[in-house]
Amino acid sequence: MDQTWFVYLLRCADDTLYAGVATDLERRLRQHNGELVGGSRYTRVRRPVELVWSEAASDRAEAQRREAEIKKLSRFDKLALIVDR
């Protein structure tokens, strides 16, 4: 079954940025905000979070490669992604 994967950035309540991957951004955002089970440990103590950027990927492997690239970026470069959205 073909699914679209997404790489995303969240802005946390403490103004940090969190990168992740998901197939359903709305559900994943609800998980990060504690509305559904399954959020990350990092965002659990930094709620509420908001989705500030996302990018589609053709498969999980591509999404995870892109997530790794994004995690290596400086905060400045991550913010530039958001602005260039």
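Heads up, I need the accessible area for residue 23: 1.4 angstrom probe, whole protein in place, Å², nearest 10.
Using a 1.4 Å probe on the heavy atoms, I get roughly 40 Å².
Using 0.36 nm per residue of separation minus the Cα-Cα distance, give me the extension gain between residue 4 and residue 62 in nm, one decimal.
Length difference between fully extended and current span is 19.8 nm.
With all protein chains present, how much of the accessible area of the stretch 1-78 (probe radius 1.4 Å) comes from carbon and sulfur, to the nearest whole percent?
Ligands and nucleic acids excluded, carbon and sulfur reach 47 percent.
List, in order, the whole-Hz ³J(HN,Hα) value for each residue of the stretch 37-49 obtained from phi through the Karplus relation with A = 6.51, B = -1.76, C = 1.60 and θ = phi - 60°; use x for Gly and Pro.
Per-residue couplings from phi come out as 5, x, x, 7, 4, 4, 7, 4, 9, 10, 7, x, 10 Hz.
The values are calculated or read from the model by the stated rules, or taken from the named source; none is laboratory data. Model, not experiment: these values are computed from the prediction. Remember, those area values only see protein heavy atoms, side chains included, never the ligands or the DNA or RNA. Shrake-Rupley method; radii C 1.70, N 1.55, O 1.52, S 1.80 Å.
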